[in-house]
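Taking it in order: structure first as structure tokens, then the write-up.
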């Protein structure tokens, strides 16, 4: 009789992530955090007594990683006390130039790591089989799980498919304009192929498709828009045909938050400052702060100098979205800049009808700041 199986389902590690929108040391720290998160997954597997770990695609951001990054990945993977199965996804497909085919990989990859590079069934142990669906190209118009059917692989074993792609019936209404409808997976793959569990990657938020099909989401967020990232799934299956028991566990290192705040008067600054002061674990927090309202130039200077600059120094990273925060420059403040000449002509042009309000607001505020800085 086959004993129950317990394993960790994760995906979309995207090690070596290009974080182009976060410059300098902060961007490097965001990349480094992903390796710390993988260590958290190793500790989760040990704590939950998992037999193995499956990574359902996009282990790496791309194949052009420096050898140092690959070797540091090997060091982390070697810390897993159980087998780790890596599925090539759309970011790291099993193309001729794949990292998985390099001499470095062949020489130095830890022995507990196996790449699921073919569709051949993989027996984890007697009675437990993985049915891989690797991507051999970045995008395919075919369903990566199309080869699966009830007679593919052992019939009486616990059958676990590992795939990377989008179930469009579920994701089309949830995704933004950046979501690419490629590598489409059928909604009924578990029923169609008599599978006990389908471990999916590609969608970066934790998502349950049905009782036997789930996206683990990325264990470490890659941008602010992602819904419910930062987790890995512990899956237990008692026997073939039994409904899996799936538990989500927090493993993420960084905290990505989006907040909106309205600023119209001086009394709003202490409220915003108190909110920022109360954020826990600031050095591990990335915040996208959307500001709305209308302020005069003096209050805007105070907002920047007394509140936002201070927050930038304390948070891992702060992105301020101020498209809807309008700085209203009074006539006397504009007169301070210039009352005649080409600078005044520029001011009048910015106040005209041919310039977008947001662009004009930013340009006038910049002119005012430059004038103030030069005058000091």
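Just so you know, all these numbers are worked out from the coordinates, no wet-lab data involved. Nothing here was measured: the structure is a model prediction, and the numbers come from that model. For neighbour counting, all protein chains shown are included, and Cβ atoms are generated from backbone atoms with ideal geometry for every residue, glycine included.
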Of 215-223, 30-38, ordering from highest average Cβ density within 10 Å down gives 215-223, 30-38
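Could you rank the peptides 145-158, 257-270, 85-98, 194-207 by their average count of other C-beta atoms within 10 Å per residue, with the highest value first?
Packing order, densest peptide first, comes out as 194-207, 85-98, 145-158, 257-270.
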Label model pair residue 155, residue 305: point-to-point distance (7 angstrom along the Cα→beta-carbon line) in nm is 8.0 nm
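When a/c reaches 1.5 or more, the comparison of a/b and b/c decides; with that in mind, is segment 37-91 rounded, prolate or oblate per its Cα gyration tensor? The partial results should precede the final answer.
Working: a/c = 2.63, a/b = 1.56, b/c = 1.68.
Verdict is oblate for segment 37-91.
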Expressed in angstrom and rounded, the centroid-to-centroid distance over alpha carbons for segment 16-61 and segment 181-225 is 19 Å
Note to self: C-alpha centroids of segment 311-327 and segment 106-131 sit apart, in Å, by 46 Å
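Where does each of 279-292, 7-20, 42-55 land if you order them by average Cβ count within 10 Å, highest first? Walk me through the numbers on the way to the answer.
Numbers: 279-292: 15.9, 7-20: 22.5, 42-55: 19.2.
The densest-packed peptide leads the list: 7-20, 42-55, 279-292.
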